[in-house]
Amino acid sequence: MFARLPLYLRLVRMDKPIGSLLLLWPTLNALWIASNGHPSPILLLIFVLGTLLMRSAGCAINDYADRDFDKHVKRTENRPITSGKIAAWEAVALAVALSLIAFLLILPLNTLTKELSVFALFVAGSYPFTKRFFAIPQAYLGIAFGFGIPMAFAAIQDHVPALAWIMLAANVFWSVAYDTEYAMVDRDDDIKIGIRTSALTFGRFDVLAIMLCYAVTLAIYVWIGLALGFGALYWVGWTAAVACAIYHYTLIKNRERMPCFAAFKHNNWLGGVLFAGIAAHYAFMR
């Protein structure tokens, strides 16, 4: 069992934390805004651990769903299931176990949060299969990656205000932006195997679509900042996020694989500086 532990860790992408961070930043944004900058340590721990567990479960299900496709993609041909080192049923069992642990974490929370978690689980589990028929599965991913937002508001305020859904919409546009950059890396392979991605759907307008999605995301955060009366420190973080988006354009404009992948990974910084601006506003608010 312990000898196989590295394989299980690879399956749930513990060696690639970028995915967990992309889930974590919008969840932290929601926790800070919903609590006026003072989320309880216990609630913070629950959501951080829950985010890590659900991302790991999602990776296991994704590799199970894509096990027959990954063997045809150079970047994924050596993943544990595709290479035969882990059985498909093991991935499903691990995903179920991680999801149950995540659910146990939220048992102390209110009923609304638990109800929302059921929908979150469905979206996370069904996302990998949307690549068979949905032209922009990255939008569905944005819902899966951002559902910690309404759950955070529900846990703190016992209801989900319009602001939470607006923040979720921002996350959908952000997810389409960064995951299209990711999809650009595998464009040639995806054409061969017939998987649907936003990079293929947008075609020659892929770079334009990505930048428009960044623009919408950042415009929504302008509205959030103005609506909540955020101060200068927030706008410093927002400006840094704009700089990140511009930097990503310089990486993706020529549609080269490795720069596109670098742009995808750099979204950790875009999410991080947005959260830093929000946290700084509440930390130094008078």
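The values are calculated or read from the model by the stated rules, or taken from the named source; none is laboratory data. Nothing here was measured: the structure is a model prediction, and the numbers come from that model. A quick note on method: Cβ atoms are made from the backbone with ideal geometry, for glycine too, and the neighbour counts reach across all protein chains shown. Accessible surface is based on the protein model in full, side chains and every heavy atom, while ligands, DNA and RNA are left aside. Shrake-Rupley method; radii C 1.70, N 1.55, O 1.52, S 1.80 Å.
Name the residues in the range 10-39 that are within 14 Å of the chain's Cα centre (by Cα), open to solvent by 10 Å² or more (accessible area, probe 1.4 Å) and farther than 26 Å from residue 64 by Cα, would you?
Residues satisfying the conditions are 25, 28.
Which of the residues spanning the range 15-73 are farther than 20 Å from residue 197 by Cα and polar (S, T, N, Q)?
Selection gives 20, 27, 29, 35, 36, 40, 51, 56.
Just one of 210, 220 is in contact with a Ser or Thr (Cβ under 6 Å, 6 or more places away or on another chain) and of a type in the set (Val, Ile, Thr); which is it?
So the residue among 210, 220 that is in contact with a Ser or Thr (Cβ under 6 Å, 6 or more places away or on another chain) and of a type in the set (Val, Ile, Thr) is 210.
What residue, among those in the range 113-139 that are open to solvent by 50 Å² or more (accessible area, probe 1.4 Å) and of a type outside the set (D, E, K, R), is farthest from the chain's Cα centre (by Cα)?
The selected residue is 133.
Could you list all residues from the range 173-187 that are at pLDDT 95 or above and either part of a loop (DSSP other than H, G, I, E, B) or open to solvent by 20 Å² or more (accessible area, probe 1.4 Å) (or both)?
Listed by number, the list holds a single entry, 173.
Which residue out of 229, 237 is within 29 Å of residue 34 (Cα to Cα) and either without any contact (Cβ under 8 Å) to a residue 24 or more places away in the chain or aliphatic (A, V, I, L, M) (or both)?
229
Take the conditions of a type in the set (A, V, I, L, M, F, W, C) and in contact with a Phe, Trp or Tyr (Cβ under 9 Å, 6 or more places away or on another chain) and apply them to residue 284. Does it pass?
no
Spot the failing condition for residue 196; the list is (1) touching a residue at least 12 places away in the same chain (Cβ under 8 Å); (2) under 29 Å from residue 38 (Cα atoms); (3) part of a loop (DSSP other than H, G, I, E, B), and only one is missed.
(2)
Conditions first: (1) of a type in the set (Val, Ile, Thr); (2) within 20 Å of residue 124 (Cα to Cα); (3) surrounded by fewer than 19 Cβ atoms within 10 Å (Cβ to Cβ). Residue 42 passes all but one, so which condition is the exception?
With (1) of a type in the set (Val, Ile, Thr); (2) within 20 Å of residue 124 (Cα to Cα); (3) surrounded by fewer than 19 Cβ atoms within 10 Å (Cβ to Cβ) applied to residue 42, the lone miss is (2).
Please state which one of 202, 275 is in contact with a Phe, Trp or Tyr (Cβ under 7 Å, 6 or more places away or on another chain) and not aliphatic (A, V, I, L, M).
275
Look through the range 188-201, keep the residues that are open to solvent by 50 Å² or more (accessible area, probe 1.4 Å) and in contact with a helix residue (DSSP H, G or I) (Cβ under 7 Å, 6 or more places away or on another chain), and return whichever of them is modelled with the highest pLDDT.
200
When the residues of the range 252-265 are filtered to those that are part of a helix (DSSP H, G or I) and over 13 Å from the mean Cα position of the chain (by Cα), which remaining residue is surrounded by the fewest Cβ atoms within 10 Å (Cβ to Cβ)?
Within the range 252-265, the match that is surrounded by the fewest Cβ atoms within 10 Å (Cβ to Cβ) is 258.
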